[in-house]
Amino acid sequence: RGNRSLNASNAPLYIIDGIPGSIATINPNDIESIEVLKDASSTAIYGSAGANGVIIVTTKQAEKGTVQVDINSYYGVNGFASYPSALQGQAWLDYLGEGYTAAYGEPAANRNDLLTAYSLSPAQLNRYIENGQWVDWVDETLRTGTQQNHSVSIRGGNETTRAHFSLGYTEEKGIYKDDKTEIATMRSGVEHEFRDWLSAGIQTSLAWRDRNVRGSRINSAFSTVPLGEVYDAEGNINIEPIEGHSTVNLLADEVPGAYKNNAKQIRVTANPYIDIKPIKNLSIRSVLGTTLTTQRNGEYNSDRTYMKLIGSGSQVKTASYANSLSYSYTWENIAHYNFDLAEDHNFQLTGITSWTNSQNENGY
C-alpha cells in the first residue's frame with residue numbers, strides 16, 4: 001500500500017490479548033491464534049492507529065479442570081545464499097587480462113605490466129602469487145549461523161481459578177562473526193471467578209533482548225585483492241594481509257577491542273482486567289494495559305576498524321551511547337450486547353472507550 005504516514009511507522013497495529021503491544025517480544029510458542037482484520041468496519045474502532053491494518057494475537061490460556069505442561073525445543077542452521085565463487089589464482093589473473101585487452105586493444109606483455117595497469121604493485125604481489133597464497137574472502141568473511149529456541153509452559157486451573165506461566169529463550173547467530181541476538185521471555189497470568197457475573201485477572205510479561213550487530217562485508221569480499229596472509233603464525237588477524245600494500249583485512253573488526261555495536265532492551269507489561277455480566281446477554285470488560293520499556297544502544301570504533309583503515313572515516317577512536325525509557329498506559333472498556341429477534345435474526349452491539357497515554361525519554 002505504500003507509505004501511509006510522513007514520519008510514523010507503517011507497521012500494522014498488534015493487539016495482544018486485547019491490548020496494543022509488540023509482536024517482537026512474544027515467544028511464538030505462547031501464541032494460540034492470529035487473526036488479521038482486513039476490512040474497514042473491523043478496524044474502525046482503533047481509529048487512525050489501525051490505518052496500516054490490525055492483527056489480533058491471542059496467547060495460550062489455562063483451561064478449567066486440566067493441567068498441561070508443554071516443552072518445545074529446536075536447533076537449526078542458518079546457511080547463506082549461494083554466492084558466486086570469488087576469483088582466485090589463474091582465474092583472477094585471466095579476469096584482469098580480459099579487462100586489459102578490452103581497455104588497450106591488446107594483451108598485456110607480461111604479468112608485471114598487467115598488475116601495474118590496475119595500480120597493483122608487482123613487487124608486493126608477485127611473492128604471494130608465486131607462493132600460491134590466494135585468499136577466498138567470501139569464505140573467510142561468511143560463516144554458517146545457528147539458531148535455537150527453547151520454551152516451557154504450564155497451564156491449569158479449577159472451576160474458579162486458572163493460571164499459566166511460561167519461559168522462553170531464543171538465540172540466533174548470523175552469517176557474520178559477532179552478529180548475534182538473544183531473547184529471553186516470561187509470561188504469566190491468573191484469573192479468578194468470584195461470582196457467575198464477576199471475574200478478574202492479570203496478565204504479565206517480561207522480555208529481554210540482547211543484540212550484537214556487524215556491518216556487511218559481502219561486496220568487499222569480491223573486490224578485495226585475493227592474495228596475502230589472513231592470519232599470522234600465531235593465528236592472529238593480519239590487519240594488512242599483503243605486507244606493505246593498502247589492502248585491509250576484511251576481518252579487522254573481529255580483532256579484540258576493535259569494534260562493538262550492542263543494543264540491550266527490557267520490556268515489562270502488566271495488564272489487569274475485570275469482567276462483569278450485569279444482565280443477561282450483556283458483558284463488560286475493563287482492562288488496563290501498562291508497558292515499560294528501557295533500551296541502551298552502544299557503539300565503539302577504535303582507530304583500527306575496517307572503515308577507519310580504508311580511509312572512510314576519521315582516524316580517531318569514537319564511541320556513542322544512547323539510552324531511552326518509554327512507558328504507556330491504555331485503559332479500555334468494552335461492552336458487548338447480543339440479542340435475538342424472532343427466530344431468524346441475531347444482533348450484536350459493541351461499544352468501546354479507550355484512553356491512552358505514552359511518554360518517551362531519551363538520553364545520549
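The values are calculated or read from the model by the stated rules, or taken from the named source; none is laboratory data. This structure is a prediction, so every number in the text was calculated from the model and none was measured. We place every Cβ from the backbone using ideal geometry, glycine too, and count neighbours over all the protein chains shown. Side chains are part of the model used for accessible areas, which takes the heavy atoms of the whole protein and leaves out ligands, DNA and RNA. Shrake-Rupley method; radii C 1.70, N 1.55, O 1.52, S 1.80 Å.
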Just wondering, is there one or more residues in segment 247-266 that are touching a Phe, Trp or Tyr at 6+ places or on another chain (Cβ under 9 Å) and within 30 Å of residue 354 (Cα to Cα)? yes
Would a scan of segment 265-276 turn up a residue that is in contact (Cβ under 8 Å) with a residue 60 or more places away in the chain, open to solvent by less than 80 Å² (accessible area, probe 1.4 Å) and closer than 23 Å to residue 364 by Cβ? yes
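Please verify whether residue 123 is part of a helix (DSSP H, G or I), out of contact with any strand residue (DSSP E or B) (no Cβ under 6 Å at 6 or more places or on another chain) and of a type outside the set (Asp, Glu), treating the condition exactly as stated.
Working: part of a helix (DSSP H, G or I): yes; out of contact with any strand residue (DSSP E or B) (no Cβ under 6 Å at 6 or more places or on another chain): yes; of a type outside the set (Asp, Glu): yes.
Here the answer is yes, as residue 123 does meet what is asked.
Among the aromatic types (Phe, Trp, Tyr), open to solvent by 60 Å² or more (accessible area, probe 1.4 Å), in a strand (DSSP E or B) and over 21 Å from residue 30 (Cα atoms), is that true of residue 194? Break it down stepwise before answering.
Details: among the aromatic types (Phe, Trp, Tyr): yes; open to solvent by 60 Å² or more (accessible area, probe 1.4 Å): yes; in a strand (DSSP E or B): yes; over 21 Å from residue 30 (Cα atoms): yes.
Answer is yes for this residue.
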Can you spot a residue in segment 64-82 that is at pLDDT 85 or above and basic (Lys, Arg)? no
So, first residue farther than 30 Å from residue 159 by Cβ in segment 180-201, second residue of a type outside the set (Phe, Trp, Tyr) and open to solvent by 50 Å² or more (accessible area, probe 1.4 Å), Cβ within less than 6 Å, six or more apart or across chains; the pairs are 180/173; 181/172; 181/211; 183/209
For residue 218, indicate whether it is modelled with pLDDT under 95 and more than 19 Å from the chain's Cα centre (by Cα). yes
For segment 326-338, pairs from a residue that is under 20 Å from residue 46 (Cβ atoms) to a residue that is open to solvent by less than 60 Å² (accessible area, probe 1.4 Å) and among the small types (Gly, Ala, Ser), with Cβ under 6 Å and 6 or more apart or across chains, are 330/289; 333/286; 335/351; 336/283
Quickly run through segment 167-189 and pick out the residues that are in contact with a Phe, Trp or Tyr (Cβ under 9 Å, 6 or more places away or on another chain) and open to solvent by 40 Å² or more (accessible area, probe 1.4 Å). 175, 178, 182, 186
Those residues of segment 237-255 which are at pLDDT 90 or above, open to solvent by less than 20 Å² (accessible area, probe 1.4 Å) and polar (S, T, N, Q) amount to 249
With criteria (1) assigned to a strand (DSSP E or B); (2) open to solvent by 30 Å² or more (accessible area, probe 1.4 Å), residue 234 comes up short on (1)
Here the residues within segment 213-226 that are buried (at least 18 other Cβ atoms within 10 Å of the Cβ) and either on the phi > 0 side of the Ramachandran plot or not in a loop (DSSP other than H, G, I, E, B) (or both) are 221
How many residues are open to solvent by 60 Å² or more (accessible area, probe 1.4 Å), of a type in the set (S, T, N, Q) and at pLDDT 90 or above when one looks only at segment 297-313? 1
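Could you please let me know if residue 288 is touching a strand residue (DSSP E or B) at 6+ places or on another chain (Cβ under 7 Å), under 27 Å from residue 196 (Cα atoms), part of a strand (DSSP E or B) and open to solvent by 60 Å² or more (accessible area, probe 1.4 Å)? Before you say what the answer is, go through the steps one by one.
Values: touching a strand residue (DSSP E or B) at 6+ places or on another chain (Cβ under 7 Å): yes; under 27 Å from residue 196 (Cα atoms): yes; part of a strand (DSSP E or B): yes; open to solvent by 60 Å² or more (accessible area, probe 1.4 Å): yes.
So residue 288 fits the description; yes.
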Could you list, in sequence order, all residues of segment 274-308 that are over 30 Å from residue 355 (Cβ atoms), touching a Gly at 6+ places or on another chain (Cβ under 9 Å) and of a type in the set (Gly, Ala, Ser)? 302
When you look at residue 201, is it in a loop (DSSP other than H, G, I, E, B), under 33 Å from the mean Cα position of the chain (by Cα) and either within 26 Å of residue 261 (Cα to Cα) or of a type in the set (Gly, Ala, Ser) (or both), yes or no? no
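Any idea how many residues of segment 29-45 are assigned to a helix (DSSP H, G or I) and surrounded by fewer than 17 Cβ atoms within 10 Å (Cβ to Cβ)?
Taking segment 29-45 as the starting set, the residues that turn out to be assigned to a helix (DSSP H, G or I) are 29-30, 40-45.
Narrowing the set further to residues that are surrounded by fewer than 17 Cβ atoms within 10 Å (Cβ to Cβ) leaves 40-42, 44-45.
Matching residues across segment 29-45 total 5.
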I'd like to verify a number: residues in segment 54-81 that are among the polar types (S, T, N, Q), in a strand (DSSP E or B) and surrounded by 12 or more Cβ atoms within 10 Å (Cβ to Cβ), how many? 5
Restrict the check to segment 127-137 and report whether at least one residue is touching a strand residue (DSSP E or B) at 6+ places or on another chain (Cβ under 6 Å) and more than 30 Å from residue 219 (Cβ to Cβ). no
Among the residues that make up segment 8-16, is at least one of them of a type outside the set (S, T, N, Q) and more than 21 Å from residue 357 (Cα to Cα)? no
